[in-house]
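Take a look at the structure below.
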Amino acid sequence: MAECEANYLRLLKLLPDLEETEQWHFAVSDEALHLGELVIKVTERSKYTTLLRIFQQDSWGHWLRQPELSVRLYHDARMAEVVGYQRQRHFEGRYLYPNDKMRQPDEKLQINLFLGEWLAHLQRYGHIAEPVNLHF
């Protein structure tokens, strides 16, 4: 569960206004090349948890299914766990292999590791995609 704790901290760093804001847009680029936009939306709030939908939008990827995650933040435990991936839900801690859905034995861990890599990439190459109003 160390990965879930690290992902919680990564999300708090990216979303310091989590309690007040409902949606964020981050442009992702590699120096001169625009690689797309990562969108994070709050879909549910309660006293101890927040559910986020995280997905990527870009103009070049219509032929490739873009990643989409549902992530539940547990504020009392300070953890962020992937609870949905590509519209699939309810991942077990371990799977026998082979299995009917052909999931890897450590599928849940791999999905949470992917979230961590995605957030680390966003921290390194992303920036807020909100327009800046320069007219006074």
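The values are calculated or read from the model by the stated rules, or taken from the named source; none is laboratory data. Everything numeric here is computed off the predicted structure, so don't read it as measured data. Quick reminder, even Gly has a Cβ in these numbers, built from the backbone with ideal geometry, and neighbours come from all protein chains shown.
Count of the stretch 59-75 residues, restricted to those that are modelled with pLDDT of 75 or more and outside any strand (DSSP E or B), is 3. In the condition set (1) modelled with pLDDT of 80 or more; (2) in contact with a helix residue (DSSP H, G or I) (Cβ under 7 Å, 6 or more places away or on another chain); (3) surrounded by 15 or more Cβ atoms within 10 Å (Cβ to Cβ), residue 78 is compliant with all but (3). Each residue in the stretch 1-60 was checked for being in contact (Cβ under 8 Å) with a residue 24 or more places away in the chain, within 19 Å of residue 73 (Cβ to Cβ) and aromatic (Phe, Trp, Tyr), and 4 pass. Can you confirm whether residue 116 is closer than 21 Å to residue 28 by Cα and either assigned to a helix (DSSP H, G or I) or modelled with pLDDT of 65 or more (or both)? Judged against the criteria, residue 116 is a match. Residues that are part of a strand (DSSP E or B), surrounded by fewer than 15 Cβ atoms within 10 Å (Cβ to Cβ) and modelled with pLDDT under 75 do not occur anywhere in the stretch 92-99.
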